[in-house]
Every structure is written in structure tokens, then in C-alpha cells.
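Throughout, read-outs are computed from the coordinates displayed, never taken from laboratory work. Everything numeric here is computed off the predicted structure, so don't read it as measured data. Backbone-built Cβ (ideal geometry, glycine too); neighbour counts: all protein chains shown.
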Amino acid sequence: MHTIKLESVGRKSGGRIHLTPRVPRSGPVTTLCGQTLGEGSYAAVDSEPDCANCIRRSKDRARISGAFFAQEEGSELLRLSLEQAREKKPNLRVLPQPGSSREKPVVWPAAKPPPEAIPDQLGELVTRGFKPSGEGVWRSPQGAIVRMRKHGKEWRFDELVFEGSVVATRTPGGVRIKAGDVEVTQSDHGFEVQLKKK
């Protein structure tokens with residue numbers, strides 16, 4: 001790793017030894033602690049710095065960077081930064097993890113719609129044993145088809161279709177029709193459609 005080399009500078013008259021990015025050949029010099037030493041009043045020295053502020057600020061990269069650019073030594077800082085970046089080339093090759101070369105895909109079960117809640121009674125139809133076959137159409141286990149029609153908010157019996165024997169019987173309240181396993185009973189209040197009781 002490249003380190004930024006700071007130079008030591010001191011007043012010719014004596015005193016503390018400071019740090020600066022570069023001791024110029026002419027002109028003033030600004031130290032890390034913020035002092036500006038006028039032209040001809042300083043000299044580069046080989047001894048270790050003893051200015052506490054310069055030593056503390058020499059560990060602050062932002063201060064050092066600002067000092068380099070203030071002395072127009074930014075190109076040196078950029079050169080060091082590029083050299084450091086070249087040495088840290090990332091390894092872009094991806095190595096497979098041991099044992100994970102052939103991961104099996106996750107198989108999710110197919111989504112199932114929630115079962116429809118079938119009411120026990122739909123208007124004049126007792127739904128127990130019937131299977132819905134569409135809007136207002138119900139099928140019995142033996143294949144009889146019952147069609148219901150909506151009148152306002154109420155479902156009413158509309159039609160019974162069955163390929164087989166149908167028996168109609170008069171009752172005190174009207175007519176009872178048996179078609180396969182379906183029984184339609186008429187009363188004073190309308191009809192009741194249900195599977196035949198065993």
C-alpha cells in the first residue's frame with residue numbers, strides 16, 4: 001500500500017518542526033496545522049516533526065488531501081491513488097461453491113382456488129347432494145338437471161330435465177314430481193326441490 005509522504009519543515013529561527021505535503025523551492029509554505037511560513041523564513045529538515053497538531057492531522061486523509069490540493073500538488077495525490085487502485089485489482093472470477101453446483105429448483109404446488117361455500121338451501125332448492133353446473137343450474141348424482149331462476153333476490157324452481165322415467169303425483173297441496181333421484185314438491189308457498197329421501 002502506498003503511503004503519502006509528508007515532508008518536515010521548520011523555521012530557520014528555530015521552533016517546532018511541522019509537516020507539509022511538499023517543501024517548495026520558493027514562495028510561502030502552508031503546514032498541516034494551518035500556519036503559513038513566509039518565503040525565506042523556513043527550510044526543509046530531516047528531523048521528526050514535533051508539532052502536535054501536524055502529527056494529529058497527518059492521520060486525517062481529508063486534511064492531507066486538502067493540503068495537497070492547496071499547494072497544487074493534487075496531481076501527486078492522484079498518481080498515488082491510481083497506483084493504489086491498480087494494486088487492488090478485484091478478482092472478478094466467480095468460483096462455484098462446493099456442493100451447490102446443481103441446486104434443484106423449488107417446485108411450488110399449484111395454487112388452488114378456495115372451495116366455494118355452497119349454502120344448504122338456495123331459494124326453493126335444498127342443495128345437499130347436488131353439484132353446481134353453472135349459474136342457477138344444479139345436477140343430481142343420477143344426472144337430473146334442475147334449473148333455478150332468480151326473481152328479485154329469491155331463487156325459484158324453473159325447470160327439471162331428466163332422461164328416464166318421471167312420476168307425477170297429485171298431493172293435497174298440488175303436485176309431487178319424481179325424476180330419478182330428484183323430488184319436486186308443490187305447496188301453497190311454492191316448490192321444494194331436493195334429493196329423494198332414502
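Within the straight-line cut-off of under 26 Å between alpha carbons, the lysines reachable from Lys153 are Lys131, sequence neighbours fewer than 8 places apart in one chain being disregarded. Expressed as a fraction of 2.2 N^0.38 Å, the C-alpha radius of gyration for segment 121-195 is 1.03.
Between the amide H of Ile17 and those of Asp50, Cys51, distances stay under 5 Å, these residues lying 5 or more places away or on another chain, with hydrogens modeled in the peptide plane.
For Gln142, the amide hydrogen comes within under 5 Å of the amide hydrogens of Asp181, counting only partners 5 or more places away or on other chains and with H modelled in the peptide plane.
Taking Lys and Arg as +1 and Asp and Glu as -1, the other residues whose beta-carbon sits under 12 Å from that of Ala144 total +1.
The gain in end-to-end length when the Arg56 to Asp188 segment is fully stretched comes to 37.0 nm, 0.36 nm per residue minus the alpha carbon separation. Here the Karplus curve 6.51 cos²θ - 1.76 cosθ + 1.60, taken at θ = phi - 60°, turns the phi angles of segment 156-165 into couplings of 10, 4, 10, 7, 10, 10, 8, 9, x, 6 Hz, with x standing for Gly and Pro. A simple rule links phi to the HN-Hα coupling: the Karplus curve 6.51 cos²θ - 1.76 cosθ + 1.60 with θ = phi - 60°, which for segment 22-35 gives 8, 7, x, 6, 8, x, x, 10, 10, 8, 4, 7, x, 7 Hz, with x for Gly and Pro. What the pair-distance distribution of segment 154-198 shows, using all Cα-Cα distances binned every 5 Å from zero, is 5, 21, 32, 27, 12, 3 percent.
Summarising the amide proton neighbourhood of Leu122: residues at separation of 5 or more, or on other chains, whose placed amide H is nearer than 5 Å comprise Thr127. Using the Karplus curve 6.51 cos²θ - 1.76 cosθ + 1.60 with θ = phi - 60°, what ³J(HN,Hα) values do you get for each residue of segment 139-153, in whole Hz, with x for Gly and Pro? Listing the rounded values in order: 10, 8, x, 8, x, 6, 10, 10, 9, 10, 10, 8, 10, x, 9 Hz.
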